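*Asks:* Structure incoming, see below.
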Amino acid sequence: MVKTEARKIIIDCDPGHDDAIAILLAGANPGVELIGITTVAGNAEVDKTTINALKVCEIAGLADTPVAKGAPQPLVRKRETAADIHGDSGMDGPILPAPTKIMSDEHAVDFIIRQLLDSDGDITLVPTAPLTNIAMAMRKEPAIIPKIREIVLMGGGTFGNWTPAAEFNIFVDAEAAKVVFESGVPLTMFGLDLTHKAQATPEIQERIKQIGNPISDFVVELLQFFMHTYKEVFGFEGAPIHDACCVVYCIDPSIFTYRNLRVDIETKGEFSYGMTVVDMLGVTGKEPNVKVALDLDQDKFWKLMVDTLSKYSKSN
């Protein structure tokens, strides 16, 4: 077997139950090297999402992974949060102590810029939140754009979950999304068409519970809260772990199937603001600009999840 080099990633997030699981996967799987976590306002205010990221790092033993706080609000619009889904803290459910881990003094945007400029063009950005930090970094220092290996994002889809047309992460800052989608960087999009298929059902949660370490117990607590809110709000029978799909892709892209499609961001529509306009039939004649994930191998996906969470020790 040929050993492949771990993919270097920065997770830009707003923890968030599924963001937390994405961090935990990245922290234990040898297929990726987590060089940093940046936070942004999204599921909750940025102070809360930063505390949540620090808590997840602490429970996972990621003492050396820097956490940098980013934008407190979208580029131009009023901030919106998702308390109905994630609770007031952004990560309700599990009870964790206040973190002792200290966040970086560096702003998230400056951290992203510095890491990319100092790199060999081998860093993948993994935004699982509104794209405010990424757009701000591109605007502040355009020289980073050709140095980004790939952007693997959770957002969008051919339907919405925040409005009938728009998915939450894109809706919260569609102007930022427009900057990113028009940047020319290789983009892979995990939208709702894919992530709603990655549902942690009660049976999946039982498999994770059987791992029997503190991290798997924590993940089950996250999933149980998330499943409850998704059942209450959307009628789902499981918890869709949207953001974790992005990290799984960085570890093993063969788990998913894709189409190269044209995706544009709507920023002016009365009813369609924040929509990812996905040209499924090629009617615009525009060149594809996004690799859109549309399906996944369920068996391989959940096996990778269970195997990775099993790498944490019984005493984590």
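The values are calculated or read from the model by the stated rules, or taken from the named source; none is laboratory data. This structure is a prediction, so every number in the text was calculated from the model and none was measured. Methodologically, a virtual Cβ is constructed for each residue, glycine included, from the backbone with ideal geometry; neighbour enumeration extends over all protein chains shown. Accessible surface is based on the protein model in full, side chains and every heavy atom, while ligands, DNA and RNA are left aside. Shrake-Rupley method; radii C 1.70, N 1.55, O 1.52, S 1.80 Å.
*Asks:* Are there DSSP H segments in the chain that both extend 18 Å or more along their axis (alpha-carbon positions) and score a mean Kyte-Doolittle hydropathy of at least -0.5? List them, or say none.
*Replies:* Answer set is 46-60, 214-234.
*Asks:* For a quick check, take a GNM of the chain with Cα springs below 10 Å and name the residue from L153, L261, L24 with the largest mean-square fluctuation.
*Replies:* L261
*Asks:* Which value in deg cm²/dmol, rounded to the nearest 500, describes the helix-derived mean residue ellipticity at 222 nm for the chain, given -39,500 (n - 2.57) per DSSP H run of n ≥ 4 and division by the residue count?
*Replies:* Only helices count here, giving -10500 deg cm²/dmol.
*Asks:* Also: Which pairs in the list K231/K286; K8/K300; K78/K209; K147/K311; K8/K78; K78/K300 are over 29 Å apart, alpha-carbon to alpha-carbon?
*Replies:* K231/K286; K78/K209; K147/K311; K8/K78; K78/K300
*Asks:* How high is the FRET efficiency between Q298 and K231 when r is their beta carbon distance and R₀ equals 25 Å, given to the nearest 0.05?
*Replies:* The pair Q298/K231 has a calculated efficiency of 0.80.
*Asks:* Turning to a different aspect of this structure: Rounded, prolate or oblate, given the Cα gyration tensor of the chain, with a/c below 1.5 counting as rounded?
*Replies:* rounded
*Asks:* Please give the length that would be gained between K140 and K197 if that part of the chain were fully extended, namely 0.36 nm times their separation in residues minus their C-alpha to C-alpha distance (nm, one decimal).
*Replies:* Contour length minus Cα-Cα distance gives 16.9 nm.
*Asks:* At 0.36 nm per residue, and after removing the present C-alpha to C-alpha distance, how many nm does the segment from K314 to S104 gain when stretched out fully?
*Replies:* Fully extending the segment from K314 to S104 adds 72.7 nm.
*Asks:* What residue among K178, K231, K147 shows peak mean-square fluctuation when the chain is described by a Gaussian network model with Cα springs under 10 Å?
*Replies:* Comparing K178, K231, K147 in a Gaussian network model of the chain, the most mobile one is K231.
*Asks:* Moving on to the next point. Roll a 1.4 angstrom probe over the protein heavy atoms and tell me the percent of accessible area of the chain that is carbon or sulfur.
*Replies:* Solvent-exposed carbon and sulfur of the chain make up 52 percent of the total.
*Asks:* How high is the FRET efficiency between T284 and E206 when r is their beta carbon distance and R₀ equals 35 Å, given to the nearest 0.05?
*Replies:* After rounding to 0.05, the efficiency reads 0.15.
*Asks:* Can you tell me which of E221, E150, E203 moves the most in a GNM of the chain? Springs connect C-alpha atoms under 10 Å apart.
*Replies:* Result: E203 has the largest fluctuation of those listed.
*Asks:* Counting only heavy atoms of protein chains, what accessible area per residue, in Å², does segment 7-310 have with a probe of 1.4 Å?
*Replies:* Per-residue value: 38 Å².
*Asks:* Before anything else, pin down the relative contact order of segment 7-310: Cα pairs under 8 Å, at least 6 apart, normalised by residue count, whole percent.
*Replies:* Relative CO of segment 7-310 lands at 20 percent.
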